[in-house]
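For reference, the structure is listed below as structure tokens.
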Amino acid sequence: MISTSLLPLESPTPAYICPIDQVCSYLEAAARELKLDQGIVEVLSNPRKVVTVSIPVKRDNGEVQVLAGHRVQHCDILGPYKGGIRYHPAVTLREVSALAMLMTWKCSLLGIPYGGAKGGIAIDPKRYSVGELERITRRYISELIKDIGPAVDIPAPDMGTSAREMAWMMDTYSMNVGHAVPGVVTGKPLSIGGSRGREMATGRGVMIIVREALADLGKSLEGVRVAIQGFGNVGSAAALLLHQEGAKVIAVSTGSGGVFAEVGLDIPALKAYAAANHKSIVGFPQGVSISNDQLLTLPCDVLIPAALENQITEENVNQVQAQIIAEAANGPITLEANLALEARGVTVLPDILANAGGVVVSYLEWVQGLSYVFWDEERVNREMEQLMVQAYRQVIQQSQMRQIPLRLAAYTLGVGRVAQALSDRGLYP
Ligand code: GLU
């Protein structure tokens, strides 16, 4: 198996599933399908640049804590690096590297001129005050000042970060270079050049891809029973938009538990409940309690894992009942579980397609910023929908033409375009 030789090993626990090995093995499968030269595969399986910086932060109680902040730049063959910055306790360098590689294939698949990157700090942001988070974010970006920029590497929100952190990042970068540089990050507040529609974009993209997949089966969203794991930025937006389109969202869960209602949950009411209860949906009166694990195996038509990696595994895959799974999270299905689902004929809409709506609107935000012309939400949504539907159609066509599952089809497109660009550009020097 090919692997990334540049990264240090992490000490594995018995249940450890190495995220970079998983992504590399999808790359390997795509390379085999495309009959790519081994040298090209070797280049693509290693990140171009891996940066780890130390972030000393003064806590509110006066103590100094030193955190590690990562930024992995996988590949800039198609354009500047692009990808989110994650604040989550499970962040590791290997996870960030895997996610950076996913971003490369995602951007290439969607036809947007970026390479993949990802960043992260292993913290639980809920355990830090707003002031502490601001100091952490500003120091992290100061340390990365030479590695990012609107033509170099453009960070964006990911798990645990939002428009608020992007504003701090934009300001820190701008203060360091001496003038305002809105294009250094995307997912910014509207007041500093953010795009309309960005906040809901990943969820909207998920809804669009599910809608297209159902249409190919002769069905519509109306009355379709959906279960969603995760009620953060992506899960809650997908839930709301699916609900508005007539789907029955029968269950939603978060790390602390979830709710189920056979008749379908009132998603606007659930969002209001979560907002009033520190983002928790536990105890929502219009449903019964279920666990985060139970949600995955509920009888439903569409399952949307919208939380962390490795949620559907060898352990629970045989109990999964949905006929369609849309990967709103990155890497929510392990390699073995993916094989089992494919063997059973379950339609798996892969992450690099299903959750690409976010980076597509990030791209539209960057384009608006560069052209100093800002669009209304309807235009943003329309342009994003066009790119999502086009990529979906290409994946279906590729899958039919090569007689391969959707994930491999998406990878052959994403990887194939980057490999082509690499051989056109040639190796330097
Ligand atoms: N973090 C998001 C992703 O994984 C968005 C990245 C971006 O907008 O650059 O796709």
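The values are calculated or read from the model by the stated rules, or taken from the named source; none is laboratory data. Given the structure is predicted, the values throughout are model-derived calculations rather than measurements. With ideal geometry, Cβ positions are generated from the backbone for all residues, glycine too; neighbour counts draw on all protein chains shown. Surface accessibility is based on the protein's heavy atoms, side chains included, excluding ligands, DNA and RNA. Shrake-Rupley method; radii C 1.70, N 1.55, O 1.52, S 1.80 Å.
The numbered conditions (1) open to solvent by less than 50 Å² (accessible area, probe 1.4 Å); (2) within 16 Å of the ligand (Cβ to nearest atom) are all true for LEU370 except (1). Between ALA180, ALA167, ALA151, ALA90, the distinction of being part of a loop (DSSP other than H, G, I, E, B), over 18 Å from the mean Cα position of the chain (by Cα) and within 16 Å of the ligand (Cβ to nearest atom) belongs to ALA151 only. Filtering the stretch 400-429 to residues that are in contact with a strand residue (DSSP E or B) (Cβ under 9 Å, 6 or more places away or on another chain), of a type outside the set (A, V, I, L, M, F, W, C) and not in a loop (DSSP other than H, G, I, E, B) leaves only ARG407. If we scan the stretch 124-138, do we find a residue that is surrounded by 20 or more Cβ atoms within 10 Å (Cβ to Cβ) and within 13 Å of the ligand (Cβ to nearest atom)? No, every residue in the stretch 124-138 fails to be surrounded by 20 or more Cβ atoms within 10 Å (Cβ to Cβ) and within 13 Å of the ligand (Cβ to nearest atom). Does any residue of the stretch 52-63 turn out to be over 27 Å from GLN311 (Cα atoms), assigned to a helix (DSSP H, G or I) and open to solvent by 50 Å² or more (accessible area, probe 1.4 Å)? No - not one qualifying residue is present in the stretch 52-63. Residue count for the stretch 282-299 under the criterion of being under 20 Å from ASN233 (Cβ atoms) and either at pLDDT below 95 or touching a Gly at 6+ places or on another chain (Cβ under 6 Å) (or both): the result is 3.
Just one residue in the set GLY84, GLY62 is closer than 29 Å to ARG139 by Cα, modelled with pLDDT of 95 or more and within 21 Å of the chain's Cα centre (by Cα); that residue is GLY84. Looking only at the stretch 309-340, residues that are closer than 18 Å to VAL389 by Cβ and either away from the ligand (no atom under 16 Å from the Cβ) or assigned to a helix (DSSP H, G or I) (or both) come to 1 in all. Looking only at the stretch 202-225, residues that are touching a helix residue (DSSP H, G or I) at 6+ places or on another chain (Cβ under 9 Å), open to solvent by 20 Å² or more (accessible area, probe 1.4 Å) and among the hydrophobic types (A, V, I, L, M, F, W, C) come to 0 in all. How many of the residues in the stretch 353-383 are of a type in the set (Asp, Glu) and either in a loop (DSSP other than H, G, I, E, B) or in contact (Cβ under 8 Å) with a residue 60 or more places away in the chain (or both)? Here the count works out to 3.
Please work out if ASP76 is open to solvent by 30 Å² or more (accessible area, probe 1.4 Å), within 16 Å of the ligand (Cβ to nearest atom) and either basic (Lys, Arg) or assigned to a loop (DSSP other than H, G, I, E, B) (or both). It is true that ASP76 is open to solvent by 30 Å² or more (accessible area, probe 1.4 Å), within 16 Å of the ligand (Cβ to nearest atom) and either basic (Lys, Arg) or assigned to a loop (DSSP other than H, G, I, E, B) (or both).
The set of residues in the stretch 333-352 being free of Cβ contacts under 8 Å to residues at least 40 places away in the same chain and within 15 Å of ASN310 (Cβ to Cβ) consists of ILE333, GLU336, ALA337, LEU339, ALA340, LEU341.
From the list ILE228, ILE312, ILE267, the lone residue that is among the aliphatic types (A, V, I, L, M) and surrounded by fewer than 24 Cβ atoms within 10 Å (Cβ to Cβ) is ILE267.
The condition of being closer than 22 Å to ILE250 by Cα, modelled with pLDDT of 95 or more and open to solvent by less than 10 Å² (accessible area, probe 1.4 Å) holds for only one of VAL360, VAL320, that being VAL320.
For LEU241, state whether it is modelled with pLDDT of 95 or more and in contact with a Lys or Arg (Cβ under 8 Å, 6 or more places away or on another chain). Even if it seems obvious, please write down each step before you answer.
On the way: modelled with pLDDT of 95 or more: yes; in contact with a Lys or Arg (Cβ under 8 Å, 6 or more places away or on another chain): yes.
Judged against the criteria, LEU241 is a match.
Please verify whether the stretch 139-148 includes one or more residues that are within 13 Å of the ligand (Cβ to nearest atom) and either part of a strand (DSSP E or B) or open to solvent by less than 40 Å² (accessible area, probe 1.4 Å) (or both). Looking for residues that are within 13 Å of the ligand (Cβ to nearest atom) and either part of a strand (DSSP E or B) or open to solvent by less than 40 Å² (accessible area, probe 1.4 Å) (or both), one finds at least one in the stretch 139-148, hence yes.
Considering (1) surrounded by fewer than 16 Cβ atoms within 10 Å (Cβ to Cβ); (2) touching a residue at least 40 places away in the same chain (Cβ under 8 Å), the lone condition that SER256 does not fulfil carries the number (2). When every residue of the stretch 341-351 is checked against the conditions, none turns out to be more than 16 Å from the ligand (Cβ to nearest atom), crowded, with 18+ Cβ neighbours inside 10 Å and among the basic types (Lys, Arg).
Taking ARG198 as the residue in question, decide whether it is over 22 Å from ARG71 (Cα atoms), open to solvent by 10 Å² or more (accessible area, probe 1.4 Å), within 16 Å of the ligand (Cβ to nearest atom) and of a type in the set (Lys, Arg). Write out each step before concluding.
On the way: over 22 Å from ARG71 (Cα atoms): yes; open to solvent by 10 Å² or more (accessible area, probe 1.4 Å): yes; within 16 Å of the ligand (Cβ to nearest atom): yes; of a type in the set (Lys, Arg): yes.
In short, yes.
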